[in-house]
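Undergrad: Here it is, the structure in full.
The values are calculated or read from the model by the stated rules, or taken from the named source; none is laboratory data. Please read all numbers here as calculations on a predicted model, not as lab measurements. Note that we place each Cβ from the backbone using ideal geometry, even for glycine, and neighbour counts take in every protein chain shown.
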Amino acid sequence: MSNKFLITKASLKDVSQIYKLINFYAKKNLMLERSLNQIYENLRDFWICKNKDTLLGCCALHIVGWRNLGEIRSLAVKPRFKKRGIGSRLVEMCLQEAKQLQLDEVFVLTFVPNFFEKLGFRRIKKEKLPHKIWSECINCPLFPDKCKEVALIKKL
């Protein structure tokens, strides 16, 4: 990937672009929709990839409850910038941060498990994840019967 791409933590000025990118994929039922309020409240979770002032991708590391567990969520890359390593670099930044926070494991719920398996995640049954994570799933139009997401986890 070219050096002109910058991976950094998100700031307030990035919120509207993060919102548009995530909800572009949410409208296609490829990820959960996020409101502006949710993005503002969880802004510290987000890593972004930028080219000058243009957001190319985003990814969030969210700490889940009381267990030393994190979730990678809202990974999105603009369609014309896919296959350039942006998604992998964003996930790697989240994993580095998870290690700094001393999390033991990081999980993801995804429609593209092969991408995460290449990054060292292994498939698990969704039922093995804490019940607290399902509070997000309740808002999904595909929950519970039509959900095709795969759960994967990585030990750190």
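Undergrad: Tell me which residues, restricted to the range 109-149, are β-branched (V, I, T), loosely packed, with under 13 Cβ neighbours inside 10 Å and at pLDDT 90 or above.
TA: Within the range 109-149, no residue meets the criteria.
Undergrad: Which pairs turn up if I take residues in the range 20-43 that are more than 16 Å from H62 (Cα to Cα) and look for partners that are among the β-branched types (V, I, T) and modelled with pLDDT of 95 or more with beta carbon separation below 7 Å, at least 6 apart in sequence or on another chain?
TA: Sorted first by the residue in the range 20-43, then by its partner, the pairs are L36/V15.
Undergrad: Check off (1) more than 19 Å from K4 (Cα to Cα); (2) surrounded by fewer than 18 Cβ atoms within 10 Å (Cβ to Cβ); (3) not aliphatic (A, V, I, L, M) for K83 and give me the number that stays unchecked.
TA: Result: K83 passes all but (1).
Undergrad: Taking V106, is it touching a helix residue (DSSP H, G or I) at 6+ places or on another chain (Cβ under 7 Å), within 15 Å of L30 (Cβ to Cβ) and at pLDDT 95 or above?
TA: Spelling it out, it is not the case that V106 is touching a helix residue (DSSP H, G or I) at 6+ places or on another chain (Cβ under 7 Å), within 15 Å of L30 (Cβ to Cβ) and at pLDDT 95 or above.
Undergrad: Next question, about the same structure. So, restricting to strands (runs of 3 or more DSSP E) that lie completely within the range 1-93, which ones have at least 1 residues that are at pLDDT 95 or above and farther than 21 Å from V112 by Cβ?
TA: 6-9, 46-51
Undergrad: Another question, then. Considering each residue of the range 61-107, count those that are on the phi > 0 side of the Ramachandran plot, free of Cβ contacts under 8 Å to residues at least 60 places away in the same chain and not basic (K, R), and give that number.
TA: 2
Undergrad: Let me ask something else. So, in the range 40-58, exactly how many residues are more than 18 Å from I7 (Cβ to Cβ) and crowded, with 22+ Cβ neighbours inside 10 Å?
TA: Of the residues in that region, 0 qualify.
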